[in-house]
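Student: Please see the structure below; I have some questions.
Every number here is computed from the coordinates shown, using simple stated rules; none is lab data. Remember, predicted model here, so these are calculated numbers, not experimental data. Cβ placement follows ideal geometry from the backbone for every residue including glycine, while neighbour counts extend to all protein chains displayed.
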Amino acid sequence: MSLDEQLYENTEPVEKVILVGVDTEDNENIEESIDELEELASTAGAVTLDRVIQKRENIHPSAYLGKGKIEELKNRIIETGATGIICDDELSPAQMRNLEKMLECKVMDRTMLILDIFAQRAKSKEGKIQVELAQLRYRLSRLAGVGTALSRLGGGIGTRGPGEKKLETDRRHIRNRISQLKAELEEIETHRELIRTRRKKVGTPLVAIVGYTNAGKSTLLNTLSNADVLAEDKLFATLDPTTRSIILPGGSEVLITDTVGFIRKLPHHLIKAFRSTLEEAQYADILLHVVDGTSQSIESHMKTVYETLEKLNALGKPILTLFNKMDVIVSSHLPLDPKAEKTFKVSARTSEGLNEVLQEIEKILKANRKTLKALIPYSDMGMLQLIRGQGEKNLEEYREEGIYIEANVNEEVYRKLKKYIVE
């Protein structure tokens, strides 16, 4: 084979990293957090060579770590051949700049890592815009006095998506790009609001699936609706929300939507950029809180989910907690959830326990419905679809003057059929 005939594969360099964390009084469990950071690094395509944890009262304001620990870390980088480090917290521009200078290697933080994963996972136009917006906001705050952190345009973590664009070095261009992205996002949000308004007029109840990342939310949506949403055993396997229609045991229809998975220390840039997507939980009638029943960090995961929902003003509605993966769980001890109306042990993969969940959804919706007794003329038979789709029919009789029907319906349907009501 001649030189011209040889094929060359252009592959991204594999990041070989050391994970770094600071154990302060605020950190409930630093080992759990570092374990999660390692999983995030693996999802982003990095290989973890070692981990370094320093116990301190507070994170060092200018260098994240103390001077002695930095020297120790520098030696570990040389010994292991690591190409960079990933810190478990979001670094300030000064911390990142000083660490790069002292360690002479690539320095990344948890926020950069999560943004990188989101850049890989975003598939829809809205998702891509949201990720780019979050990345640009993150980098804009780090342009002043930046060292080598943003000058690298090679492969690896932190360079996917808009990170490879030349505009990253120009604050004015970044601000212009942010304004453009915000305008595009506003158009999409306007369209989403129209869909919400239309859905409210029809009266179809909405159930939102929420939970920690990798708890099994997409698998649950697939099982309940026969959808084909990507479901992998990875953090943030799916990013773009998906809504499907399902029929409850009593025959009424509800919409069920999957939302972005939550995670501890979720970057505020992402919460801000993804607010319109995350707000699906705010507009839902019922929340299905999916919890990984096999996790050793169930309590902390549940706490993170509720803290995030509180930030989104999405609490104050019925919550059903589903302890998932019961087909593989070995321990029968599960924590109480005082915020939930009811808890269930389920398996999204095998459908175990899901019928009881659907019955409970129906029970909650029924409690918020009115009893309707109406005589609908044959000329207006189309109105029956409102009841068949959004209500629970108890009786249907075909009479000479029209169709007599008794059903439990929501306030919206009751109002639309009010003129047909009979005593």
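Student: Greater than 26 Å separation of Cα atoms is the criterion. Which listed pairs, K55/K325; K182/K303; K317/K366; K101/K123; K74/K303, meet it? Walk me through the intermediate numbers first.
Tutor: On the way: K55/K325 35 Å; K182/K303 31 Å; K317/K366 15 Å; K101/K123 36 Å; K74/K303 35 Å.
Exceeds cut-off: K55/K325; K182/K303; K101/K123; K74/K303.
Student: Return F344, F118 ranked ascending by Cβ neighbour count within 10 Å, so the fewest neighbours appear first.
Tutor: Values: F344 18, F118 25.
Going from sparsest to densest Cβ surroundings: F344, F118.
Student: Quick one: if the Förster radius is 60 Å, what FRET efficiency do E104 and A367 give, using the C-beta to C-beta distance and rounding to 0.05?
Tutor: Numbers: r = 64 Å, r/R0 = 1.06.
Computed FRET efficiency for E104 and A367 comes out at 0.40.
Student: Oh, and also: Along the Cα-to-Cβ line of H333, 7 Å from the Cα, sits a label point; which residues in segment 283-297 have backbone N less than 16 Å from it?
Tutor: What the label zone holds, given the 16 Å backbone N cut-off, is 293-297.
Student: Same structure, new question: For the pair R415 and K74, what calculated FRET efficiency results from E = 1/(1 + (r/R0)^6), where r is the Cβ-Cβ distance and R0 = 51 Å, to the nearest 0.05?
Tutor: Working: r = 70 Å, r/R0 = 1.37.
The calculated FRET efficiency here is 0.15.
Student: A follow-up question, please. Expected output is a single nm value to one decimal: the length gained when fully extending between E57 and K311, i.e. 0.36 nm times separation in residues minus the C-alpha distance. What is it? The partial results should precede the final answer.
Tutor: Values: separation 254, 0.36 × 254 = 91.44 nm, distance 2.73 nm.
Full extension from E57 to K311 adds 88.7 nm.
Student: Something else now. Over all directions, average the projected area of the Cα convex hull of segment 369-420 and note it in nm². Provide the component values of the computation, followed by the final result.
Tutor: Values: hull surface 12.0 nm².
Hull-based average projected area comes out at 3.0 nm².
Student: For I271 and I178, compute 0.36 nm times the residue count separating them, minus their Cα-Cα distance, and round to one decimal in nm.
Tutor: On the way: separation 93, 0.36 × 93 = 33.48 nm, distance 1.58 nm.
Result: 31.9 nm gained on full extension.
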